[in-house]
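For reference, the structure discussed in these notes is given below.
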Amino acid sequence: MRESRAIGIDIGGTKISIGLVSESAAVEGRLTLPTEPEAGFAEAMQRVVEGIERLLTSAGARADELAGIGIGCAGPVHPGTGTIHNPFTLPGWEGASPVRVLEDAFAVPAYLENDADAALLGEVHAGSARSFEHVVMFTFGTGVGGAALVDRRIYRGTNGEHPEIGHIPVDSSGPECYCGVRGCLESVASGTAVTKAGQALGLADAAEVFERAKEGDPTARSLIERVVVAVAAAFWTALHTFMPEQVVFGGGLMERQFEVFAPALRERARLAERAWGQRFLFSKAELSNEAGMVGAAFRALRPEEVA
Ligand SMILES: [Zn+2]
């Protein structure tokens, strides 16, 4: 019998990734579109619908064979109503429902999740968190996202929102964040934050800061040291808040620089293990930048499980 397949969509502030994903987590087709949020929600969804049609055609698949369509989207989003409420990176899309548009276009069930929750679902179903029931995931990219799996269910707050772990304070002398506090994790350790701090030193971007630090440049090293301390503090907070078996570090920054953070994380895990007699594991995300897309597809492939 043929495997079930679903469409997974990852909507970010700058690009939208769409994939046709099978139950065995094989991505049978993928494409990327620019988000261009300023062109409006309707225009973007028109391109998404056309993109899905192209993927189905080239895979020789029909929409009515799909288990459904899952969408991971930069939050805030409301999974229950299927609507987007993100004035930060998707301005003008507030209250819009990609679920309604896609259900109307393809006549299959559609689901909306925060992108960090979608990435967590990807790692839980097909990546580094497969055998665990208590997991925390951080995604370090343009911003810092977070999600938690508690007793094999996605932890949900008000309106189904995920925990905003990216905004826990880690450095009281850090930069001010749009969330209203100084020195939260995102304002110190997101790719954007590292780039901004690097530019103040005359460097081009985050990649150059890491490169200079590796070469031994003292200013770049102290900047990276500050970022590592911030990430280790957030890890410590996550361990003590959720008592997870596994903490997964994803996003572009971790995909490239995880080894820079690993020694400090190992040290914190060891300390926590000694204090609480629990085993705390951590790892890099296995699905790298496709975790959100694959996880979104699994939201549709396994609607009753985990979510
Ligand atoms: Zn913040």
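The values are calculated or read from the model by the stated rules, or taken from the named source; none is laboratory data. Being a predicted model, the structure only gives us computed values, none of them experimental. Quick reminder, even Gly has a Cβ in these numbers, built from the backbone with ideal geometry, and neighbours come from all protein chains shown. Note: accessible area is taken over every heavy atom of the protein model, side chains too, but ligands, DNA and RNA are not part of it. Shrake-Rupley method; radii C 1.70, N 1.55, O 1.52, S 1.80 Å.
Taking only the range 118-131 into account, find how many residues are in contact with a Lys or Arg (Cβ under 9 Å, 6 or more places away or on another chain) and either farther than 18 Å from E245 by Cβ or small (G, A, S) (or both).
2
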Kindly evaluate E225 against the criterion of being assigned by TED's automatic domain parsing to the domain that holds A275, open to solvent by 60 Å² or more (accessible area, probe 1.4 Å) and closer than 24 Å to L281 by Cα. yes
Taking interchain pairs and intrachain pairs at least six residues apart, which have beta carbon atoms under 6 angstrom, with the first residue in the range 252-278 and charged (D, E, K, R) and the second open to solvent by less than 20 Å² (accessible area, probe 1.4 Å)? R268/A232; R268/F235; E273/F280
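Does T89 qualify as being in contact (Cβ under 8 Å) with a residue 24 or more places away in the chain, within 24 Å of S288 (Cβ to Cβ) and β-branched (V, I, T)? Walk me through it before giving the result.
Working: in contact (Cβ under 8 Å) with a residue 24 or more places away in the chain: yes; within 24 Å of S288 (Cβ to Cβ): yes; β-branched (V, I, T): yes.
Yes; evaluated as a whole, the condition is true for this residue.
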Looking at the range 5-24, which of its residues are within 19 Å of G127 (Cβ to Cβ) and open to solvent by 30 Å² or more (accessible area, probe 1.4 Å)? D10, E23, S24
Cross-chain or 6+ apart pairs with Cβ under 9 Å, the range 180-194 first and outside the structural domain of F258 (by TED's automatic domain parsing) and acidic (D, E), then modelled with pLDDT under 95 and within 9 Å of the ligand (Cβ to nearest atom): none
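Given the criterion assigned to a helix (DSSP H, G or I), modelled with pLDDT of 95 or more and within 18 Å of V136 (Cα to Cα), identify the matching residue among R266, R274, R226.
Working: R274 fails: within 18 Å of V136 (Cα to Cα); R226 fails: within 18 Å of V136 (Cα to Cα).
Only one candidate qualifies: R266.
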Give the residue that is most open to solvent (accessible area, probe 1.4 Å), with candidates limited to residues of the range 158-179 that are touching a residue at least 60 places away in the same chain (Cβ under 8 Å) and over 19 Å from C73 (Cα atoms). Y178
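Count, please, the residues in the range 158-217 that happen to be within 16 Å of the ligand (Cβ to nearest atom) and in a helix (DSSP H, G or I).
Going residue by residue through the range 158-217, those that are within 16 Å of the ligand (Cβ to nearest atom) are 161-194, 196-197.
Among the residues that remain, those that are also in a helix (DSSP H, G or I) are: 165-167, 185-189, 191-194, 196-197.
Final tally of qualifying residues: 14.
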